[in-house]
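Read the structure below first, then the notes.
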Amino acid sequence: MAVELGIVGLPNVGKSTLFNALTKAHALVANYPFTTIEPNVGVVAVPDERLGQIAAIVRPEKVTPSSMRLVDIAGLVKGASSGEGLGNQFLGHIRNVDAVAMLIRTFRDPDVPHVTPELDPVADVATVNLELILADLATVDRALATARDASKGKPVERGASTAPLDSLLAHLNSGLAARMLSRTSDEWVAASALNLLTAKPVLYVANVGEADLPDGGEMVGLLRHHLEPEGAELLIICAQCESELADWPPADAQAYLQELGLSELGVHRFVRAGYQLLNLITFFTSTGGKEVRAWPLARGTTVLEAAGSIHSDMERGFIRAEVVSYQDLTRTGSLAAARDSGLLRIEGRDYVVQDGDVIHIRFNV
């Protein structure tokens with residue numbers, strides 16, 4: 001399934017450096033604004049220890065992890081909502097992704113100029129969020145104008161069609177993102193229908209200097225306090241450090257991480273957090289001894305739709321699904337033992353796939 005997480009932020013905060021560390025794609029990195037004009041797109045594997053444990057049981061020829069698409073979007077500057085810095089183009093790239101990781105600079109480096117005279121991560125977050133809110137206000141204004149024109153001379157219909165948009169406009173005008181609306185409200189329905197930028201789920205990522213690992217330092221403390229009302233997750237990562245470690249032998253990288261007080265690479269934490277932000281779960285398939293594979297799937301998806309995400313023939317000719325949980329498979333030690341223990345279930349097309357399910361699709365076309 002093609003879902004995308006966009007990396008956004010002001011210029012020179014380290015987006016392309018982080019993207020390189022995540023994908024090892026070596027996107028152009030430079031210390032001047034708008035290095036990234038067209039977005040870089042990459043696919044990253046999702047770390048999941050369950051895949052290795054299933055593979056140890058099945059012993060396949062090939063092991064394929066779940067993956068996630070990342071989009072490195074060019075820096076968003078103050079005034080982007082009114083076209084500054086190729087703003088409309090960049091806002092369009094943000095509109096096309098499913099969720100947003102906002103990278104915030106907290107590191108100091110005289111060789112990498114910041115877009116403002118003083119480094120202020122709280123103000124930087126406010127700048128990016130304001131530009132997104134201003135762009136959404138313009139979108140809602142246009143929708144209101146269309147609704148009013150369509151209901152001219154019909155006051156009852158006009159009130160019904162414009163009331164949620166009026167409330168949404170007031171919400172945005174108060175400086176609040178659409179994602180902070182109640183998911184059961186008419187305003188949220190309207191915001192979702194309009195694909196508002198601030199309705200997208202957001203993950204905040206503090207890009208710190210290596211010396212500030214693992215806790216992030218004073219600036220991260222201020223940033224965390226600022227973000228508390230929103231309740232969003234804040235990750236701490238040193239993009240430059242991660243980019244360099246990406247080329248190290250794994251054992252050397254792990255030893256250095258331990259010296260920094262970290263148990264694993266920040267890019268692994270980033271990918272897992274992004275995966276959760278996109279509301280994805282993982283199910284597994286095993287094709288005999290040939291391949292064990294992890295698949296991304298939207299939470300709440302039926303097994304029939306999951307079959308279609310593997311191949312359209314599986315969905316069209318679906319007969320049944322044989323399902324065992326990852327926990328039961330690893331506890332019994334084999335698919336045969338799970339079946340003999342009554343732990344392998346037969347499920348129909350309406351079964352909702354659970355995270356960690358190991359599934360074999362029976363189909364005929």
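The values are calculated or read from the model by the stated rules, or taken from the named source; none is laboratory data. The model shown is predicted, which means the values in this text are computed figures rather than measured ones. Cβ: placed from backbone, ideal geometry, glycine included. Neighbour counts: every protein chain shown. Quick note on the areas: whole protein, heavy atoms, side chains included, nothing else; ligands and nucleic acids left out. Shrake-Rupley method; radii C 1.70, N 1.55, O 1.52, S 1.80 Å.
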*asked:* Between (1) 20.7; (2) 22.8; (3) 22.1, which entry matches Kirkwood radius over Cα pairs in Å as derived from the coordinates of this structure?
replied: (2)
*Could you tell me which helices of the chain pass both thresholds, a Cα extent of 15 Å or more along their own axis and a mean Kyte-Doolittle hydropathy of at least 0.5, with helices taken as whole DSSP H runs?*
121-150
*What is the distance, in nm, between label points placed 7 Å from the Cα along the Cα-to-Cβ direction at A138 and at S192?*
2.6
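Taking the convex hull of the alpha carbon atoms in region 278-365, what volume per residue do you get, in Å³?
Working: hull volume 8.0 nm³, N = 88.
In region 278-365, the Cα hull volume divided by residue count equals 91 Å³.
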*Could you state the accessible area per residue of the chain in Å², with a 1.4 Å probe and every protein chain left in place?*
48
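With Kirkwood's inverse mean 1/r over C-alpha pairs for Rh, give me the Rg to Rh ratio of region 195-329, two decimals please.
Values: Rg = 19.9 Å, Rh = 18.4 Å.
That ratio is 1.08, to two decimals.
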*asked:* Looking only at the chain, where both bridge partners belong to it, what percent of the DSSP beta bridges are antiparallel (to the nearest 5)?
replied: 55
_I'd like the carbon and sulfur percentage of the solvent accessible area for the chain, probe radius 1.4 Å, heavy atoms only, ligands and nucleic acids excluded._
52
*Take the alpha-carbon centre of region 162-219, take the same for region 224-284, and report the distance between them in whole Å.*
22
*Would you list which aspartates and glutamates come within 16 Å of K62, measuring only between C-alpha atoms, while excluding same-chain residues fewer than 8 positions from it?*
D48, E49, E291
*For region 131-284, what is the largest minus smallest coordinate of the Cα atoms on each principal axis, given in angstrom and ordered from greatest to least?*
73, 42, 23
